1. Identify the residue in segment 293-310 that is exposed (fewer than 14 other Cβ atoms within 10 Å of the Cβ) and not aromatic (Phe, Trp, Tyr) and, among all such residues, is farthest from Arg211 (Cα to Cα).
2. Test Tyr389 against the criterion of being open to solvent by 40 Å² or more (accessible area, probe 1.4 Å), under 17 Å from the mean Cα position of the chain (by Cα) and either over 26 Å from Thr55 (Cβ atoms) or modelled with pLDDT of 95 or more (or both), and give yes or no.
3. Kindly check whether there is at least one residue in segment 239-252 that is open to solvent by less than 90 Å² (accessible area, probe 1.4 Å), of a type outside the set (S, T, N, Q), in a helix (DSSP H, G or I) and without any contact (Cβ under 8 Å) to a residue 12 or more places away in the chain.
4. List the number of the failed condition for Ile269; all other conditions in (1) open to solvent by less than 20 Å² (accessible area, probe 1.4 Å); (2) of a type outside the set (Lys, Arg); (3) assigned to a helix (DSSP H, G or I) hold.
5. If a residue has to be within 22 Å of Tyr45 (Cβ to Cβ) and free of Cβ contacts under 8 Å to residues at least 60 places away in the same chain to count, how many in segment 146-172 make the cut?
6. Has segment 418-432 got at least one residue that is assigned to a helix (DSSP H, G or I), open to solvent by 70 Å² or more (accessible area, probe 1.4 Å), out of contact with any strand residue (DSSP E or B) (no Cβ under 6 Å at 6 or more places or on another chain) and at pLDDT 95 or above?
7. Determine the pairs where a residue that is among the aromatic types (Phe, Trp, Tyr), located within segment 37-62, has a partner that is open to solvent by less than 10 Å² (accessible area, probe 1.4 Å) with Cβ atoms under 6 Å apart, the partner being 6 or more residues away or on another chain.
8. May I ask you to verify whether Val330 is surrounded by 15 or more Cβ atoms within 10 Å (Cβ to Cβ) and either within 27 Å of Tyr121 (Cβ to Cβ) or at pLDDT below 95 (or both)?
Amino acid sequence: MTTTKQSFSSLKSSDRIQSLDIMRGVVLLGILIMNINGMGLAGAYGDPTVSGGATGWNLTTWITSNFSFEGTMRALFSLLFGVGMFIFMDRLEKKGAGIDAANIYFRRLMWLLVFGLIHGYLLLWTGEILYQYALMGCLVFSFRYLPPMKLALIALLLFSIGALWNYADYKKDVKFVEQVALVENYKSEGKALTRELQEVAVKWEKREWKRSPEGIEEYNTNMRKGYLDVVKFLAPENQHYDENWPYRYDLWDVLSMMLLGIALFKWNILSGEKSYKFYGIMAALGYLIGLSINYYEIYSIMEANFSLLSFSKASITYDLGRVPVAMGHVGAIMLFCKLPILKWLKISLAAVGKMALTNYVMHSVFAMFIFTGAGFGLFGTFQRFELLYIVFAIWAFQLIVSPIWLKYYQYGPLEWLWRNLSYLKRHPFRRQH
């Protein structure tokens with residue numbers, strides 16, 4: 001074994017930044033509020049009219065989650081990942097690791113990519129994010145030395161490119177809807193469709209079929225089959241996301257937040273070092289701007305009866321809403337970290353955050369056994385608001401079990417495995433009492 005492998009070890013518990021662990025715990029739990037819809041319902045993550053109910057408590061649940069959580073939890077998750085990788089490299093380099101720091105860094109990302117593929121294809125969560133984080137983490141490496149202002153400006157540029165792409169897609173959707181209307185006119189008048197309109201008709205029929213009661217029931221039936229059948233059924237969906245999302249969304253959605261997170265860390269905002277007044281203003285401004293835009297988007301979507309164009313148009317201002325709300329969350333969480341209250345909750349949240357990888361994957365394991373045919377096969381049987389009962393149960397479990405686990409073990413099981421694979425060195429697992 002080389003000297004490098006003997007000398008450079010993973011972060012000790014005493015070196016961790018408590019505020020980051022607490023924030024990671026909050027975000028890890030919060031992201032399940034959004035993910036549970038994709039885990040338990042067909043096509044209902046964004047549009048409540050597809051399945052899961054769009055009236056009463058179901059509509060209230062959709063409004064509340066989209067108002068406060070949609071995009072913001074993922075934004076903070078990305079932010080924290082960027083900060084984590086920056087701290088990881090910074091501390092290795094300060095220990096004199098040299099080129100071996102890069103070896104460990106990229107080996108860590110390589111294994112995260114493998115975990116992501118296993119998470120998506122074998123643990124049956126098509127919305128998993130580890131694969132994308134591994135790819136974007138490779139790009140973060142080149143930006144780590146930049147001053148915070150430049151990082152923030154690059155993040156702003158990435159957000160802007162994403163918004164322009166969303167606008168371009170909206171214009172395409174406008175044309176598509178106009179062509180669909182033209183198809184209906186041609187059919188009503190008995191005219192033959194052009195080749196272009198035939199393709200439009202096929203595309204529209206496929207969309208409507210997926211949203212129809214028959215299409216939803218077919219999807220539900222496939223999700224309730226045996227494990228290998230579900231793996232086969234979801235594989236094309238996983239492949240589509242892995243091939244298309246990195247360049248279509250992740251550069252502008254994920255990488256941007258990673259870079260912004262490093263900037264905030266370099267400004268000492270994420271370590272709780274700023275004043276109560278600073279974080280109070282940060283929370284107030286973030287929520288005022290972001291929630292106002294989110295309200296406008298939700299109101300517009302509901303006024304248009306959840307139409308295709310209403311969702312497409314809302315995507316143009318998506319980052320203008322979610323990023324300020326995410327910053328509001330940062331301010332609120334830092335205030336919570338600084339205030340001398342609810343120490344027991346802070347301890348539990350920090351423990352959840354320290355085991356973020358294990359707890360994140362655990363969400364999918366629970367979902368696999370609850371919803372798919374690998375377990376109880378309850379996919380599509382819950383209404384949207386009823387899924388929150390499952391969310392709260394998982395929250396309670398992880399808030400209770402995580403601190404107990406860390407009382408006896410130094411890491412979560414996946415964190416321990418990830419460290420061993422990254423450093424090519426076996427780390428002690430159990431705590432010495």
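The values are calculated or read from the model by the stated rules, or taken from the named source; none is laboratory data. Model, not experiment: these values are computed from the prediction. Every residue, glycine among them, receives a Cβ derived from its backbone with ideal geometry; neighbour counts consider all protein chains shown. Side chains are part of the model used for accessible areas, which takes the heavy atoms of the whole protein and leaves out ligands, DNA and RNA. Shrake-Rupley method; radii C 1.70, N 1.55, O 1.52, S 1.80 Å.
1. So the residue we want is Glu303.
2. Here the answer is no, as Tyr389 does not meet what is asked.
3. No, the conditions are met nowhere in segment 239-252.
4. (3)
5. The number of residues fulfilling the criteria is 1.
6. Applying the first criterion (assigned to a helix (DSSP H, G or I)) to segment 418-432 yields 418-423.
Those left that are additionally open to solvent by 70 Å² or more (accessible area, probe 1.4 Å): none.
Looking through segment 418-432, none of the residues is assigned to a helix (DSSP H, G or I), open to solvent by 70 Å² or more (accessible area, probe 1.4 Å), out of contact with any strand residue (DSSP E or B) (no Cβ under 6 Å at 6 or more places or on another chain) and at pLDDT 95 or above.
7. Every condition considered, the pairs that remain are Tyr45/Asn37; Trp62/Pro48.
8. Considered against the rule, which asks whether it is surrounded by 15 or more Cβ atoms within 10 Å (Cβ to Cβ) and either within 27 Å of Tyr121 (Cβ to Cβ) or at pLDDT below 95 (or both), Val330 comes out as no.
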